[in-house]
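Q: Handing you this structure, nothing more for now.
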Amino acid sequence: MTFHPGTKTTTVSCSDLIKREIYKDGLKLLVTISSTELKCGETLTINAVLLNVSNTANITVAALLGGINLRIFDSQNNTVYAVKMINPGGIAPFPIFKPGHKMVSVFKWNTSENVLGGNAPPSPGKYYIEIEAYVTDLDTNSKIVLKAEMKVKLS
């Protein structure tokens, strides 16, 4: 377990299943990936859950004010896959993301596709997964961002 100021990170490994938990400001980001080693053509499943554990501030995940983003990149920092999950519509007053509320996203990367690289299959090697979840504090108009990073090997 690693501790950072205001953030607690936990990594749990069960065979190929990897789970990462990030805690910050009463929020928890839980990310689970289906495997750490894949062959080209297999699908990597990434589950991300943003949970309000105990934050009682006036925060929201309304349209463009909260979401979960995924980026997968190679060792040269070239993005091979990226998805942004943004909640649809909504106008003020925005719904409050209260303790007990959660936002869930499931991403799937077909490892034979390099979506941002002209659809040429990615090369074997190490790839890095970055999941970023955020909410917006409506009183200060500031974002609370939680970020989890993991790596996978593609052969």
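The values are calculated or read from the model by the stated rules, or taken from the named source; none is laboratory data. What you see is a predicted model, and the numbers here were worked out from it, not measured in a lab. A quick note on method: Cβ atoms are made from the backbone with ideal geometry, for glycine too, and the neighbour counts reach across all protein chains shown. Just so you know, the surface numbers come from the protein's heavy atoms only, side chains and all, with ligands and any DNA or RNA stripped out. Shrake-Rupley method; radii C 1.70, N 1.55, O 1.52, S 1.80 Å.
Q: So, taking all protein chains as they sit and a 1.4 Å probe, how much accessible area belongs to Leu64, in Å² rounded to tens?
A: For Leu64, solvent-accessible area is about 120 Å².
Q: Okay, moving on. Within the accessible area of region 34-155, what % is carbon and sulfur when the probe is 1.4 Å and the other protein chains stay in place?
A: 53
Q: May I ask for the net charge around Ile131, where only other residues with Cβ less than 10 Å from the Cβ of Ile131 are counted and Lys, Arg are +1 while Asp, Glu are -1?
A: My count for the surroundings of Ile131 gives 0.
Q: Moving on to the next point. In percent, what relative contact order does region 27-90 have, based on Cα pairs under 8 Å that are 6 or more apart in sequence?
A: Averaging sequence separation for qualifying contacts and normalising by length gives 26 percent for region 27-90.
Q: Between Asp139 and Ala92, what length comes free when the chain is fully extended (0.36 nm per residue of separation minus the Cα-Cα distance, one decimal in nm)?
A: Full extension of this stretch gives 15.6 nm more.
Q: Hey, if we sort Ser35, Ser123 by accessible area with the 1.4 Å probe, largest down, what's the order?
A: The residues order as Ser123, Ser35, largest area first.
Q: Additional query: Report Lys28's accessible area, 1.4 Å probe, all protein chains in place, as a number in Å² to the nearest 10.
A: Surface open to solvent at Lys28 totals about 40 Å².
Q: Another one. Can you give me the relative contact order of region 42-139 as a percent, contacts being Cα pairs under 8 Å and 6 or more apart?
A: The normalised contact order for region 42-139 reaches 44 percent.
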